[in-house]
Every structure is written in C-alpha cells, then in structure tokens.
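Worksheet: the structure to be examined is printed underneath.
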Amino acid sequence: MMEIVLDKSYLDGAPTASVRSLCQHFHVLMSDELFFELLTTDVPSQKRCFAKLPERENPLALIPNVGFLLRFEREHQCGCAPLTQHQVPDRYVFHKKLREGTFVCEGEVLENLTAWRAHVEGDTRDFVERSKVVHQFFPELNGIEWKDFPAAVAVARRKISDDHDFVRQIYESFLDEDAPPDAPSPGALTPEWSWFRWVQCQIIAGLRLFQRYQGRFPEDPGPEFWRRAEHSMLDVYYVILGSLAGAIATRDNEIREDFLALRPDAVLLSPDVLGAAGANRPLNTDARQAGSARPPRAG
C-alpha cells in the first residue's frame, strides 16, 4: 500500500468520507508536525479533525518529525526513505476527548508540547533569517527592476527544483567549521535524503517569503508576521515529508505548488479526487492528472 503524508488543511477541510477513504486506500502518515498542529489549534478545529479519523486502533501511521530524520541520516550516513521504516510500532488509540474537544494537555504531554512549541518558534526564526538572505544564492535577483522580479524568482524556483548539483552546492555552503563531524557529504546526497529535500524546501519557500516582502522585511515584526511565518515554516515540513514519501494529501495551495515543483512525478490528492472515487472504488493515483504538474525530469 502506498504511503502518503497527511497535512492539516486536508484533515480539517475534507469531508469525513474523503478522509476515511484516504485511510482505506493508502498507508497514511501522521507526522509529529501534524500532531503538534492538532494539539495547538482551536478546539472546534481539533474536534473536527479527530472526529474524521477511523475509530479503530492505529488509524494512521505515526512518524517522527523532520529533525529526527535529519539526525537519522547523520547517524547512519544513508537516506531516510521510506518513511514507513520510522513509524511508531506501538498499538494506540486517540483519546476520545480529542474527538469531543475536551482534551486538556497536562503532565508529560504538556511538557512535550511546550518543548515542541519552543522548537517550532526557533525553527520559524531560523527560516525567516534564511529567507532574508536567500537571494544571495541567485545573483540574477540582485540589481533588477521590481517589474522583472516575479519572473526572476520563478526561474530561481525552477533551478532549485531541477538542478540537483546546485542543491548540493547550497548544502555544502551551509557546512562551516561548526558543522558536526558526522554531517553527510554533499556528494552523497540524493533526492531520497531528507537533507537534500530540506535544502530544496527551505530555499523554495524562502524565495516566496522574500518576494512577499519584496526583500524588505519589517524591522520590528508583530504577531501577525510571526503567525504567517510559522505557517509557512510548517508548510516546509509537509513538503519535505511529502517529497520523501512521493505522495501528499493537501488542500493548501502553497504546499501544492512547492510539492509539484519538486515532485512532478508523484501523487497529489485533494478531497474531490477521493470524493469522486468513493469509499470502495480504486483511485487513479497519477499526479499528472492534477493538471499543473510539469513532465517528470530525467535522473
């Protein structure tokens, strides 16, 4: 059964029948990132999301976060795919209070959630800092008129998507004297490595953020800036995981755009696809049916 990454936009916005059909036809992966979002979202959304999941043991395969996958590759010096090899082996059921909207985090769960929230805030700030200087990897973005900037960014996005040697060069530039001794060699990285996808996704999302603010980020950003930046950073996690799995279920337009740029050969599902297929009918899982995918690249 094909593995597929689930994101919050799909779980929250798709009909219950589509979510359960997804769980029937695919090996659905719920990452730490999604679980974090579900525990920190508003109560109506949390209740709505958990109520859509099949009421059985192990309704989804739980997988660790992107940080775990990056550490795995450093420790083992090999790509982390397939993601199913990292799924939690334990039998579990979600607490019924999550479906009822009455769950309260306490004890170890609260401690873990607090630590994860701090981790996300740190990753968000790092993502913004990288976005401020992302243009340095693309000299063609410097010194041009603003009217030419969107087209130049589009070319830059295609380069980070298609030029694998360029991805390795950027990764190598991140390896300074403080890099851990077990950091994977740039020459070893392939699209099956989370480090490879991490570089691609950080750059492609950073280009969007750089363009959004026209390269002029606010000096004293307020809560709305950080809320949107965190959302963009969490999207990066899902695109990394989806690119590694080769399949994603999402309703988010930016995730869709980045995923198809990086994996035009892969599977992208939206609720209407599953709705049309029905709960007991086979699905057409060719992402090229989505209409906006480019032809698969060679190699």
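FYI, it's all coordinate maths here, none of it is from the lab. For clarity, every value in this text was computed on a predicted model and none was experimentally measured. Here the Cβ is made from the backbone with ideal geometry for all residues, glycine too, and neighbour counts use every protein chain on show.
Want the number for V104 to E57: 0.36 nm per residue separation, take away the alpha-carbon distance, what's left? It would help to have the intermediate numbers written out before the result.
Working: separation 47, 0.36 × 47 = 16.92 nm, distance 2.14 nm.
Here the answer is 14.8 nm.
Could you calculate the FRET efficiency of T16 with W226 from 1/(1 + (r/R0)^6), where r is the beta carbon distance between them and R0 is 22 Å, rounded to 0.05? The partial results should precede the final answer.
Numbers: r = 33 Å, r/R0 = 1.48.
So the FRET efficiency works out to roughly 0.10.
Averaging the inverse of every distinct alpha carbon separation and then flipping it gives the Kirkwood radius. What is it for the chain, in angstrom units?
Working: mean 1/r = 0.0494 Å⁻¹.
Mean inverse Cα-Cα distance, inverted, gives 20.2 Å.
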Next item on the list: Give me the number: length gained by fully extending D265 to L113, i.e. 0.36 nm times residue separation minus the C-alpha to C-alpha distance, one decimal in nm.
Entry: 51.2 nm
Checklist line | DSSP-assigned coil residues among GluC sites (Glu not before Pro) in the range 171-245, each with at most 10 further Cβ atoms within 10 Å | finding: E177, E219
Notebook entry, point to check: In whole Å, how far is the Cα centre of the range 35-96 from that of the range 114-131?
Noted result: 20 Å
Next item on the list: Can you grab the distance from the C-alpha centre of the range 241-266 to the C-alpha centre of the range 214-234, Å, no decimals?
Entry: 23 Å
Notebook entry, point to check: To the nearest 20 debye, what is the magnitude of the charge dipole of the range 169-215 about its Cα centre, counting +1 on the Cβ of each Lys and Arg and -1 on the Cβ of each Asp and Glu?
Noted result: 460 debye
Notebook entry, point to check: Who wins for biggest fluctuation among Y213, Y238, Y171 in a Gaussian network model of the chain, springs between alpha carbons below 10 Å?
Noted result: Y213
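Pairs of alpha-carbon atoms within less than 8 angstrom and 6+ residues apart define the contacts here; what relative contact order does the range 3-290 have, in percent? Let's see the in-between values first.
On the way: 355 pairs, mean separation 78.4, N = 288.
Reported as a whole number, the value is 27 percent.
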Notebook entry, point to check: Among the lysines, which fall within straight-line cross-link reach of K8, defined as a Cα-Cα distance under 21 Å, with same-chain neighbours fewer than 8 residues apart omitted?
Noted result: K47, K52, K96, K97
Next item on the list: Work out the length of the dipole vector of the range 3-290 about its Cα centre, built from +1 on the beta-carbon of each Lys and Arg and -1 on the beta-carbon of each Asp and Glu, and round it to the nearest 20 debye.
Entry: 1100 debye
